[in-house]
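Undergrad: Structure incoming, see below.
The values are calculated or read from the model by the stated rules, or taken from the named source; none is laboratory data. All values derive from a computational prediction rather than experimental measurement. Because the Cβ atoms are built from the backbone with ideal geometry, glycine has one as well, and the counts that use them run over all protein chains shown.
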């Protein structure tokens, strides 16, 4: 048996012995990514008239919470009225001292509940959904088996989204150069996750027997991706083949509270679908409601 030569591999990156921060290596998000935590400047957060103060941006993680709040209001929970303040992550608002106090991880969204004697901060989008569901007794099943299923899918989303956003989305849409290995790796994982959802939704209308925070957590990421939003990668990922995800995504997309939630803290796309700040339900009246319909993002 003869020894065949190993195929040559393309020349790649050789990591140094000790990694150091290169400000120019971060591509589109070089200005907001850094390897240290903490505030970079003093800036207090504004406080509006409602007990619930949300500091966010309409990324998928931000949309989760505004959808939840709008769903609560639509369900008649008047105490869920809220002020939504825009956090411009491109400008570094998340590194202001007030925001870091609300979320030491400097990521949107952050919620401060001022309804009690002491303001309660809540950070991480999944934690905010669970907090609001338990506070108001809505959108989390009370039957133990269904509740457990909802929480399992909520945590599935929180653990899976980094592969979609920070993995596939970053390398497909935002990296300064296309890296075939990285795009292939994360496209494979994204399609596997879509298949997980599609198989589950074949026999289930929603993620846990009834519409819940599990659906609200998953839809902004995987639902919008399947509708052709999020990175403009629908054709690349062949999302139309996931028929059960498509059905579920469109059903949620048609809900009026979801359509309103998508608008809040939104700074991109059609102007009539943007509501940079939200302080009262009447703020939506400044937008043309008949134009709030499922459309593809730019």
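Undergrad: Scan region 227-281 residue by residue and report those that are surrounded by fewer than 16 Cβ atoms within 10 Å (Cβ to Cβ), modelled with pLDDT under 95 and on the phi > 0 side of the Ramachandran plot.
TA: If the condition is that a residue be surrounded by fewer than 16 Cβ atoms within 10 Å (Cβ to Cβ), modelled with pLDDT under 95 and on the phi > 0 side of the Ramachandran plot, then 232 is the only one that fits.
Undergrad: Here's another thing I want to ask about it. Keeping to region 173-207, report how many residues are within 21 Å of the chain's Cα centre (by Cα), touching a residue at least 24 places away in the same chain (Cβ under 8 Å) and more than 23 Å from residue 248 (Cβ to Cβ).
TA: 3
Undergrad: Would you pick out the residues in region 58-78 that are surrounded by fewer than 24 Cβ atoms within 10 Å (Cβ to Cβ), under 14 Å from residue 107 (Cα atoms) and touching a helix residue (DSSP H, G or I) at 6+ places or on another chain (Cβ under 7 Å)?
TA: Result: 60, 61.
Undergrad: Looking only at residues that are surrounded by 24 or more Cβ atoms within 10 Å (Cβ to Cβ) and either over 13 Å from residue 257 (Cα atoms) or without any contact (Cβ under 8 Å) to a residue 24 or more places away in the chain (or both) in region 209-218, which one is farthest from the chain's Cα centre (by Cα)? It would help to see each step written out before you state the result.
TA: Restricting attention to region 209-218, the residues satisfying the condition of being surrounded by 24 or more Cβ atoms within 10 Å (Cβ to Cβ) are 212-218.
Subset that is either over 13 Å from residue 257 (Cα atoms) or without any contact (Cβ under 8 Å) to a residue 24 or more places away in the chain (or both): 212-215, 217-218.
On the way: 212: 16, 213: 13, 214: 13, 215: 12, 217: 7, 218: 8 Å.
Only one residue tops the list, namely 212.
Undergrad: Got a sec? Which strands (runs of 3 or more DSSP E) wholly within region 28-136 have at least 1 residues that are touching a residue at least 60 places away in the same chain (Cβ under 8 Å)?
TA: Numbers: elements: 52-56, 82-86, 110-113, 120-123.
Because the criterion is at least 1 residues that are touching a residue at least 60 places away in the same chain (Cβ under 8 Å), the strands (runs of 3 or more DSSP E) in region 28-136 that meet it are 52-56, 82-86, 110-113.
Undergrad: In region 104-122, how many residues are closer than 17 Å to residue 83 by Cβ and buried (at least 17 other Cβ atoms within 10 Å of the Cβ)?
TA: The number of residues fulfilling the criteria is 7.
Undergrad: Let me ask something else. Residues 184, 195: which one is surrounded by fewer than 15 Cβ atoms within 10 Å (Cβ to Cβ) and closer than 17 Å to residue 156 by Cα?
TA: On the way: 184 fails: closer than 17 Å to residue 156 by Cα.
When all the criteria are applied, what remains is 195.
One line per residue, one yes/no per condition, for (1) assigned to a loop (DSSP other than H, G, I, E, B); (2) in contact with a helix residue (DSSP H, G or I) (Cβ under 9 Å, 6 or more places away or on another chain); (3) in contact (Cβ under 8 Å) with a residue 60 or more places away in the chain; (4) closer than 21 Å to residue 189 by Cβ:
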residue	(1), (2), (3), (4)
223	no, yes, no, yes
230	yes, yes, yes, yes
235	no, no, no, yes
245	no, yes, no, yes
250	no, yes, no, no
258	no, yes, yes, no
266	yes, yes, yes, no
272	no, yes, no, no
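Undergrad: I'm checking my understanding of the structure. Among residues of region 123-152 that are crowded, with 22+ Cβ neighbours inside 10 Å and under 17 Å from the mean Cα position of the chain (by Cα), which one is nearest to residue 79 (Cα to Cα)?
TA: Per the criteria, the residue is 132.
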